[in-house]
Amino acid sequence: MKQRTEEHSLAGRSLLSLQDLTKEEIHYVLDLAAGLKSQQQKGELIQPLNGKTLGMIFEKSSTRTRVSFETGIYQLGGMGLYLNANDLQLGRGEPVADTAKVLSGYLDVIMIRANSHKMVEELAAHASIPVINGLTDLFHPCQALADMQTILEYKETLEGVKLAYIGDANNVANSLMFAAAKTGMQIRIASPAGYQPLPEMVEKASAISDDPEFLLITESPEVACAGADVIYTDVWTSMGQEQETKARLAAFHGYQVNEALMDSAASDAIFLHCLPAHRGEEVTAAVIDGPQSAVFQEAENRLHVQKALMLAVMGK
């Protein structure tokens, strides 16, 4: 497994956004994830987290986040505790700060999938153990790390890779924007008016990159996808937005990733989606189930990245 000098720089730290990591630290996590994946494929078992406990707080339901973290901590020798927010005193009004201090006395690391990023920031501020953001309204750093691992597996580099993101500029898009800024990728985001990236996110990401062409925001999926190495999309209506479904279906008409869009990309382009997917809405079945799709490899990589993150923040 390749090692870097920054190996222990994440020990004891929280990960709330990719803004928290340097380029070198991102690559350290990705190297570690690749090594863990290789070991698992060879049937090699390492359990450096024997006796360690992960608490997993969920305000939102989950498939990939829960299963990858719970499986990951088990494979590394530790134990995961599923903590539904409604089952905690947190759900009955206990202050976030009090919850953070109490859990810090029981656990070694907290993963939280929450509605509000500000709440997760408060949790991390009062916890004496690392907190990993499993998803908030603003960011999804674990997903973006798995996306980068998948891109590396296909393209062997991140530098100069052109990624087209089509659809709602949500938490996934925000994290991909920072991933691109940190690693030398170029990202083109095609979203209709009213659904484009928040100006403060664009400003922060642009301040990180030294490439003046690293980010393009357009209303045209065709412009974004032309010559792209990676085409990425997400659902048009995320959890908690169900009351907006009708308006979103109308707004995103014309933003479906289909065969024509894939044909406009590079000949060896891959398709990514954080899942779950709605075939026939944001993507056609022919694309997501086709030969250029890497979505299930991408989903599996959540496991390896999650394991790498837990090892890194626990200094193992």
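The values are calculated or read from the model by the stated rules, or taken from the named source; none is laboratory data. Predicted, not measured: the structure shown is a model, and the values here were computed from it. Note that we place each Cβ from the backbone using ideal geometry, even for glycine, and neighbour counts take in every protein chain shown.
Among the residues of region 33-40, not a single one is of a type in the set (S, T, N, Q) and under 24 Å from Ala173 (Cα atoms). Quick check: anything in region 298-315 surrounded by fewer than 13 Cβ atoms within 10 Å (Cβ to Cβ) and either of a type in the set (D, E, K, R) or touching an Asp or Glu at 6+ places or on another chain (Cβ under 6 Å) (or both)? No, that holds for no residue.
For Asp31, which of the numbered conditions (1) closer than 30 Å to Ile151 by Cβ; (2) modelled with pLDDT under 95; (3) assigned to a helix (DSSP H, G or I) fails to hold? Looking at each condition in turn, Asp31 falls short on (2). Taking region 226-272 as the range and being of a type in the set (Lys, Arg) and over 10 Å from Gly167 (Cβ atoms) as the test, only Lys246 passes. Only one of these is out of contact with any strand residue (DSSP E or B) (no Cβ under 9 Å at 6 or more places or on another chain) and under 29 Å from Met111 (Cα atoms): Phe139, Phe178. Name it. Answer to the selection: Phe178.
Entry remark, region 64-87: residues being outside any strand (DSSP E or B), surrounded by fewer than 16 Cβ atoms within 10 Å (Cβ to Cβ) and modelled with pLDDT under 95 number 2 in total.
The rows are residues; the columns are (1) on the phi < 0 side of the Ramachandran plot; (2) surrounded by 24 or more Cβ atoms within 10 Å (Cβ to Cβ).
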{"position": "Gln143", "(1), (2)": "yes, yes"}
{"position": "Asp147", "(1), (2)": "yes, yes"}
{"position": "Glu156", "(1), (2)": "no, no"}
{"position": "Glu159", "(1), (2)": "yes, no"}
{"position": "Ala164", "(1), (2)": "yes, yes"}
{"position": "Asp168", "(1), (2)": "yes, yes"}
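Going through region 267-276 one residue at a time, which ones are surrounded by fewer than 17 Cβ atoms within 10 Å (Cβ to Cβ) and among the aliphatic types (A, V, I, L, M)? Residue satisfying the conditions is Leu275 alone.
Which residues, taken from region 123-139, are in a helix (DSSP H, G or I) and either modelled with pLDDT under 95 or in contact with a helix residue (DSSP H, G or I) (Cβ under 6 Å, 6 or more places away or on another chain) (or both)?
Answer for region 123-139, where residues must be in a helix (DSSP H, G or I) and either modelled with pLDDT under 95 or in contact with a helix residue (DSSP H, G or I) (Cβ under 6 Å, 6 or more places away or on another chain) (or both): Leu123, His126.
Just so you know, in region 221-245 the residues that are at pLDDT below 95 and assigned to a helix (DSSP H, G or I) include one that is farthest from Ala144 (Cα to Cα), and it is Gln243. When the test is whether a residue is polar (S, T, N, Q) and touching a Pro at 6+ places or on another chain (Cβ under 8 Å), Thr63 passes it. Of the numbered criteria (1) more than 15 Å from the chain's Cα centre (by Cα); (2) more than 30 Å from Ala266 (Cβ to Cβ), the one Gly134 fails is (1).
Taking region 99-122 only, how many residues are of a type outside the set (D, E, K, R) and in a helix (DSSP H, G or I)? Looking only at that region, the number is 8. For region 140-157, the set of residues classified as assigned to a loop (DSSP other than H, G, I, E, B) and under 16 Å from the mean Cα position of the chain (by Cα) consists of His140 only.
If the condition is being in a loop (DSSP other than H, G, I, E, B) and either touching a Lys or Arg at 6+ places or on another chain (Cβ under 6 Å) or buried (at least 19 other Cβ atoms within 10 Å of the Cβ) (or both), then region 248-266 contributes Phe252, Tyr255, Gln256, Ala265.
So in region 158-180, with the set limited to residues that are assigned to a helix (DSSP H, G or I) and of a type outside the set (A, V, I, L, M, F, W, C), which one is nearest to Thr245 (Cα to Cα)? For region 158-180, the residue satisfying everything is Asn171.
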